[in-house]
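Data block below; observations after.
The values are calculated or read from the model by the stated rules, or taken from the named source; none is laboratory data. Everything numeric in this text was worked out from a predicted model, so none of it was measured. FYI the Cβ positions are ideal-geometry reconstructions off the backbone, even for glycines, and counts take in every protein chain you see.
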Amino acid sequence: MIDKMHVLNVIDEALAGSDKFLVDLKISTDNRINVAIDGDNGITIDDCVELSRTIENSLDRDEEDFELNVASAGLDSPLKLKRQYRKNIGQELAVTTFDGESVTGRLTDADDERIVLKPAGKKKAPAEPVTLAYGDIKTAKIVINF
């Protein structure tokens with residue numbers, strides 16, 4: 001089986017010093033490697049190709065066969081890292097807490113402990129900001145408006 005720590009070290013080294021960062025790494029028992037990356041200024045297909053080549057060159061297909069997929073964390077993917085929240089300040093988020101509460105609003109702040117959402121209100125009665133600790137957030141997704 002592919003060594004996850006080896007792949008993680010290769011990714012960390014490849015992304016070091018850039019605005020890119022690892023969001024998720026999964027390696028299945030049948031050696032399917034799935035890597036999701038993001039960047040403070042977005043991700044291009046070239047970023048994914050470059051990282052894919054770097055990972056592939058660090059592994060030996062003669063020892064173990066594997067399937068490798070490197071992709072950007074998509075707009076429909078839940079936010080997982082504090083850095084993703086900071087990157088998306090100004091975006092509308094749909095958040096579900098572990099208590100089952102659902103809050104939708106514009107992300108106005110994100111620090112190391114919490115986020116602040118400004119729900120849409122009425123003109124005469126604007127909604128109060130909602131502060132949520134990261135530990136209370138079950139899922140948070142960007143709301144895609146067309």
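Does residue 11 satisfy the condition of being out of contact with any Asp or Glu (no Cβ under 9 Å at 6 or more places or on another chain), within 27 Å of residue 89 (Cα to Cα), surrounded by fewer than 14 Cβ atoms within 10 Å (Cβ to Cβ) and modelled with pLDDT of 95 or more? Against the criterion (out of contact with any Asp or Glu (no Cβ under 9 Å at 6 or more places or on another chain), within 27 Å of residue 89 (Cα to Cα), surrounded by fewer than 14 Cβ atoms within 10 Å (Cβ to Cβ) and modelled with pLDDT of 95 or more), residue 11 does not qualify. Residues of the range 110-122 that are out of contact with any Leu (no Cβ under 9 Å at 6 or more places or on another chain) and closer than 20 Å to residue 81 by Cα: 110, 111, 112, 113. Of all residues being charged (D, E, K, R) and assigned to a helix (DSSP H, G or I) in the range 1-23, which is nearest to residue 81 (Cα to Cα)? Just the residue, please. Applying the filter and picking the extreme gives 12. Under the condition of being assigned to a loop (DSSP other than H, G, I, E, B) and surrounded by 14 or more Cβ atoms within 10 Å (Cβ to Cβ), the residues counted in the range 29-62 number 3. Within the range 104-126, the set of residues being of a type in the set (A, V, I, L, M) and either at pLDDT below 95 or not in a strand (DSSP E or B) (or both) comprises 120, 125.
Residue by residue, here is whether (1) aromatic (Phe, Trp, Tyr); (2) under 25 Å from residue 4 (Cβ atoms); (3) out of contact with any strand residue (DSSP E or B) (no Cβ under 8 Å at 6 or more places or on another chain) holds:
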| residue | (1), (2), (3) |
| --- | --- |
| 27 | no, yes, no |
| 60 | no, yes, yes |
| 89 | no, no, no |
| 100 | no, no, yes |
| 109 | no, no, no |
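Within the range 47-55, can one find any residue that is of a type in the set (Ser, Thr, Tyr), closer than 30 Å to residue 138 by Cβ and modelled with pLDDT of 95 or more? The answer is no; no qualifying residue exists. Going through the range 78-91 one residue at a time, which ones are surrounded by fewer than 18 Cβ atoms within 10 Å (Cβ to Cβ) and either in a helix (DSSP H, G or I) or charged (D, E, K, R) (or both)? 80, 82, 83, 86, listed by residue number. Among the candidates 73, 36, the residue that is modelled with pLDDT under 95, among the aliphatic types (A, V, I, L, M) and either more than 24 Å from residue 89 (Cβ to Cβ) or within 16 Å of the chain's Cα centre (by Cα) (or both) is uniquely 73. Number of residues in the range 127-146 that are surrounded by 11 or more Cβ atoms within 10 Å (Cβ to Cβ), free of Cβ contacts under 8 Å to residues at least 24 places away in the same chain and assigned to a strand (DSSP E or B): the value is 1.
With respect to residue 100, determine if the residue is closer than 15 Å to residue 132 by Cβ, more than 11 Å from the chain's Cα centre (by Cα) and surrounded by fewer than 12 Cβ atoms within 10 Å (Cβ to Cβ). It would help to see each step written out before you state the result.
On the way: closer than 15 Å to residue 132 by Cβ: yes; more than 11 Å from the chain's Cα centre (by Cα): yes; surrounded by fewer than 12 Cβ atoms within 10 Å (Cβ to Cβ): yes.
It is true that residue 100 is closer than 15 Å to residue 132 by Cβ, more than 11 Å from the chain's Cα centre (by Cα) and surrounded by fewer than 12 Cβ atoms within 10 Å (Cβ to Cβ).
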